[in-house]
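**Student:** Pasting in a structure now, in structure tokens, and then I'll have a few things to ask.
The values are calculated or read from the model by the stated rules, or taken from the named source; none is laboratory data. Values in this document were obtained by computation on a predicted structure and should not be read as measured data. Here the Cβ is made from the backbone with ideal geometry for all residues, glycine too, and neighbour counts use every protein chain on show.
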Amino acid sequence: MEPQSIVIMTLALTAGAVVKGATGMGLPLVALPVLTAAFGLQHAVGLMTIPLIVTNAWQVWRFRAEAGSPRLSFMPLFLVGGVVGIGVGTWALTNLPERVLVLTLGLLLLAYIALRLATPHWSLGLPLARRLGPLAGLGGGTLQGATGISAPVGVTFIHSMNLDRDAHVFTVSTMFLTFAVVQLPALWAAGVMRPEWMLQGVLALAPILAFMPVGHWISGKLSRKAFDRMILVFLGLIGLKMVLGL
């Protein structure tokens, strides 16, 4: 890998790690669009798989006390739907033109931002979450398989339940971990994953683990609203770049 590529990868992963440290999520949302623009979608998705498994496994363990919460009873069918979606999305990754997938990812990023701004206080009740869980999981898993980012569907669905912070981080991390663990063999089976991309993913853990604590520190200095708006502006610029093909 050329020095310029290493710098781009490090900066993208560092920014994503800071966001994840501050909010419990956001590593692929921030890093993957930048990596896609620099290296291509399949390379970016392959590179991010190992970091997603490691960082989310740590967060699931850290917040494991939330596993028995009654409000999380929607999770089993939600995750089953996601596993099915991973297969659908991986097929799309290997069979659809990259420009179509990048355009779709850009549009979904912009739609996610619009939804966050338009409906900040809407809440989804548990009975409805149980009914919609499999469909939301299917949508999130399909996005994960095709673009490496499930947040526009999965995180939006979980966020709409207004869980407390620990339960939210546990639930989102469980989703990311499950999707990444299933995606890794799916990428191998589809012939997408390369050994050097996995090695790059292992090396990517260095800036991620180094800068996640920085995110924890920043979260104590800024209001959550101010930090969220800052990230949304950044994602909006990346989404526009991907949509316009710049």
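**Student:** Scanning region 66-83 for residues that are surrounded by fewer than 17 Cβ atoms within 10 Å (Cβ to Cβ) and at pLDDT 90 or above, which turns out farthest from Pro33 (Cα to Cα)?
**Tutor:** Looking only at region 66-83, we keep the residues that are surrounded by fewer than 17 Cβ atoms within 10 Å (Cβ to Cβ), and these are 67-71, 73, 76, 80.
So of that shortlist, the ones also at pLDDT 90 or above come out as 76, 80.
Numbers: Pro76: 29, Val80: 27 Å.
Here the residue is Pro76.
**Student:** So Ala17 ticks every box in (1) surrounded by fewer than 20 Cβ atoms within 10 Å (Cβ to Cβ); (2) aliphatic (A, V, I, L, M); (3) more than 15 Å from Met175 (Cα to Cα) but one. Which box is left unticked?
**Tutor:** Going through (1) surrounded by fewer than 20 Cβ atoms within 10 Å (Cβ to Cβ); (2) aliphatic (A, V, I, L, M); (3) more than 15 Å from Met175 (Cα to Cα) one by one, Ala17 breaks only (1).
**Student:** Return the residues of region 1-49 that are β-branched (Val, Ile, Thr) and in contact with a helix residue (DSSP H, G or I) (Cβ under 8 Å, 6 or more places away or on another chain); say none if nothing qualifies. Outline the logic, then answer.
**Tutor:** Narrowing region 1-49 to residues β-branched (Val, Ile, Thr): 6-8, 10, 14, 18-19, 23, 30, 34, 36, 45, 49.
Selection gives Ile8, Thr10, Thr14, Val18, Val19, Thr23, Val30, Val34, Thr36, Val45, Thr49.
**Student:** Can you tell me which of (1) among the hydrophobic types (A, V, I, L, M, F, W, C); (2) touching a Leu at 6+ places or on another chain (Cβ under 7 Å); (3) not in a helix (DSSP H, G or I) is the one Ala31 doesn't meet?
**Tutor:** Just one mismatch for Ala31, condition (3).
**Student:** Next question, about the same structure. Pairs only if they're at least six apart or on different chains, beta carbon under 8 angstrom, first in region 145-168 and within 14 Å of Thr23 (Cα to Cα), second of a type in the set (Gly, Ala, Ser) and at pLDDT below 80; list them, first residue then second.
**Tutor:** Once the first residue is within 14 Å of Thr23 (Cα to Cα) and sits in region 145-168, its partners that are of a type in the set (Gly, Ala, Ser) and at pLDDT below 80 give Ala151/Gly26; Arg165/Gly24; His168/Gly24.
**Student:** Take the residues in region 1-14 that are without any contact (Cβ under 8 Å) to a residue 40 or more places away in the chain and part of a helix (DSSP H, G or I), then tell me which one is surrounded by the fewest Cβ atoms within 10 Å (Cβ to Cβ).
**Tutor:** Pro3
**Student:** Exactly one of these conditions fails for Leu101: (1) within 22 Å of Gly201 (Cβ to Cβ); (2) at pLDDT 85 or above; (3) not basic (Lys, Arg). Give me its number.
**Tutor:** With respect to (1) within 22 Å of Gly201 (Cβ to Cβ); (2) at pLDDT 85 or above; (3) not basic (Lys, Arg), Leu101 is out only on (2).
**Student:** Provide a single number: the residues in region 113-130 that are part of a helix (DSSP H, G or I) and modelled with pLDDT under 75. Talk me through it step by step, then tell me what you get.
**Tutor:** Of all residues in region 113-130, those part of a helix (DSSP H, G or I) come to 113-118, 126-130.
Among the residues that remain, those that are also modelled with pLDDT under 75 are: 116.
The number of residues fulfilling the criteria is 1.
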